[in-house]
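Everything below concerns the one structure shown next.
The values are calculated or read from the model by the stated rules, or taken from the named source; none is laboratory data. From a predicted model like this one, the values you see are computed outputs, not experimental measurements. Positions of Cβ are backbone-derived with ideal geometry, glycine not excepted, and every protein chain shown enters the neighbour counts. SASA here: full protein model, heavy atoms, side chains in, ligands and nucleic acids out. Shrake-Rupley method; radii C 1.70, N 1.55, O 1.52, S 1.80 Å.
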Amino acid sequence: MVTVALPDTWVYALRLPHDPRAARVARTTVRAALNSHGMAEVLDVVELLTSELVTNAYLHAKGPASLRLTALGEGRLRVGVWDSHPYIPAPFARPPGDRVPPASLGTVGGRGLFLVQEFADAWGGWSLGDGLLDRGAGKLLWFEVGGRC
């Protein structure tokens with residue numbers, strides 16, 4: 001009898017419409033993928049941070065967004081969220097040593113990206129073009145959790 005070892009690297013991608021329900025769809029997708037791959041130890045953090053990035057994509061971009069989950073092996077997961085707005089917010093636009101201060105108590109928003117820097121092991125962002133000839137390709141924000149950094 002041959003035993004098949006399941007790979008510890010995999011990728012899921014999801015295209016999300018510009019819809020207020022996109023964050024819920026993203027959370028459901030993350031929960032299903034991570035549960036099926038035995039990654040429950042990072043589920044709550046990944047679900048929260050994914051929801052924050054997808055919500056920001058909905059609030060600040062006018063078009064669709066994309067979600068990509070990538071298992072890098074050894075329990076490490078990278079989550080990327082693409083949207084059509086080229087602006088890269090802090091902490092994604094700053095060097096890793098720079099920290100974003102927490103939002104003031106009276107503000108309604110502004111906590112999501114602070115949560116990324118507090119709970120993710122690594123994060124970053126890439127502008128995908130915002131010049132005249134780039135046709136506004138947007139940006140990709142990503143974070144990593146789990147395993148070894």
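Give the shape of the range 1-90 as rounded, prolate or oblate, defined through the alpha-carbon gyration tensor: a ≥ b ≥ c are the square roots of its eigenvalues, a/c under 1.5 means rounded, and otherwise the shape is prolate if a/b is larger than b/c and oblate if not. Since a/c reaches 1.5 and a/b is larger than b/c, the shape of the range 1-90 is classed as prolate. The largest accessible area among 62, 139 belongs to the first residue in 62, 139, and the rest follow in falling order (1.4 Å probe, all chains).
Charging the Cβ of each Asp and Glu at -1 and of each Lys and Arg at +1, and nothing else, the dipole of the range 35-92 about its Cα centre rounds to 260 debye. Whole-Hz Karplus values for the range 44-54 come out as 4, 5, 5, 4, 4, 5, 4, 4, 5, 5, 5 Hz, taken residue by residue from phi with 6.51 cos²θ - 1.76 cosθ + 1.60 and θ = phi - 60°; glycine and proline positions read x.
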